[in-house]
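Peer 1: Take a look at the following structure, please.
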Amino acid sequence: MAFVQFVHLSPMHPSIRVFLVEDSSLVRLRLAGMLRDLWDVEQVFEAGTVAEARELLPGAKPHLVVVDMRLPDGDGLEVVAAANRLTPRPAVVVLTNYAYDQLRSTCLEAGADLFLDKRTEFDRLPAIVAGLRRNGGSNGGATP
């Protein structure tokens, strides 16, 4: 079982901030709505491109970044790298329709904490958020 290391949540910030990077407005709307409905989510930031994500990530101070692999101006690995440079470092989940073993390995090696297939694992996000909140930032027993 793999464990995901998460940033520490302080009593001053009891809720989770999620940063969503997805180019499909329909998928982004569905994901953002699902995340906003979760009790533990304080705010959902959205970006549709790598450029938007790079610009907005530092100010958002997310606890969790959820990123699609294929974006109109680059790929999700650029967003994974940008998220990994943040302090404190958020958990990073790649959510893609291209869930090939080689891509999974590449994303995990690049610093993603989890790699999920959008078609079959979309519904794991609420449990990931709950694990992040429940464990207060030490780790969430989510498995890839």
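The values are calculated or read from the model by the stated rules, or taken from the named source; none is laboratory data. Being a predicted model, the structure only gives us computed values, none of them experimental. All Cβ positions, glycine included, derive from the backbone under ideal geometry; neighbour counts span all protein chains shown.
Peer 1: Tell me, yes or no, whether the range 124-135 has at least one residue that is over 19 Å from Phe19 (Cβ atoms), in contact with a Lys or Arg (Cβ under 7 Å, 6 or more places away or on another chain) and polar (S, T, N, Q). Can you show your working first?
Peer 2: Kept after step one, since they are over 19 Å from Phe19 (Cβ atoms), are these residues of the range 124-135: 134-135.
Next cut, in contact with a Lys or Arg (Cβ under 7 Å, 6 or more places away or on another chain) only: none.
There is no residue in the range 124-135 that is over 19 Å from Phe19 (Cβ atoms), in contact with a Lys or Arg (Cβ under 7 Å, 6 or more places away or on another chain) and polar (S, T, N, Q).
Peer 1: What number of residues within the range 94-107 are surrounded by fewer than 17 Cβ atoms within 10 Å (Cβ to Cβ) and not hydroxyl-bearing (Ser, Thr, Tyr)?
Peer 2: 3
Peer 1: Oh, and also: Of the residues that sit in the range 29-54 and are in a loop (DSSP other than H, G, I, E, B) and at pLDDT 95 or above, which one is surrounded by the fewest Cβ atoms within 10 Å (Cβ to Cβ)?
Peer 2: Thr49
For (1) touching a helix residue (DSSP H, G or I) at 6+ places or on another chain (Cβ under 7 Å); (2) in a helix (DSSP H, G or I); (3) under 22 Å from Ser24 (Cβ atoms); (4) modelled with pLDDT of 95 or more, each residue gets a yes or a no:
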{"site": "Pro62", "(1), (2), (3), (4)": "no, no, yes, yes"}
{"site": "Val65", "(1), (2), (3), (4)": "yes, no, yes, yes"}
{"site": "Val79", "(1), (2), (3), (4)": "yes, yes, yes, yes"}
{"site": "Ala82", "(1), (2), (3), (4)": "yes, yes, yes, yes"}
{"site": "Leu86", "(1), (2), (3), (4)": "yes, no, no, yes"}
{"site": "Val94", "(1), (2), (3), (4)": "yes, no, yes, yes"}
{"site": "Tyr98", "(1), (2), (3), (4)": "no, no, yes, no"}
{"site": "Gln102", "(1), (2), (3), (4)": "no, yes, no, yes"}
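Peer 1: Taking the stated definitions as given, is Val129 buried (at least 21 other Cβ atoms within 10 Å of the Cβ), of a type outside the set (D, E, K, R) and more than 14 Å from Val67 (Cβ to Cβ)?
Peer 2: On the way: buried (at least 21 other Cβ atoms within 10 Å of the Cβ): yes; of a type outside the set (D, E, K, R): yes; more than 14 Å from Val67 (Cβ to Cβ): yes.
So Val129 passes the test.
Peer 1: Also: Please work out which residue is surrounded by the fewest Cβ atoms within 10 Å (Cβ to Cβ), limiting yourself to the range 55-72 and to residues that are farther than 18 Å from Cys107 by Cβ and touching a residue at least 24 places away in the same chain (Cβ under 8 Å).
Peer 2: Step by step, filter the range 55-72, then rank; the result is Pro72.
Peer 1: For Ser24, only one of the following conditions fails: (1) on the phi < 0 side of the Ramachandran plot; (2) buried (at least 16 other Cβ atoms within 10 Å of the Cβ). What is its number?
Peer 2: Every listed condition holds for Ser24 apart from (2).
Peer 1: Now, a different point. Kindly provide the set of residues from the range 18-43 that are touching a helix residue (DSSP H, G or I) at 6+ places or on another chain (Cβ under 9 Å) and over 18 Å from Gly76 (Cα atoms), ordered by number.
Peer 2: Those that are touching a helix residue (DSSP H, G or I) at 6+ places or on another chain (Cβ under 9 Å) and over 18 Å from Gly76 (Cα atoms): Arg30, Met34, Leu35, Asp37, Leu38, Trp39, Asp40, Val41, Gln43.
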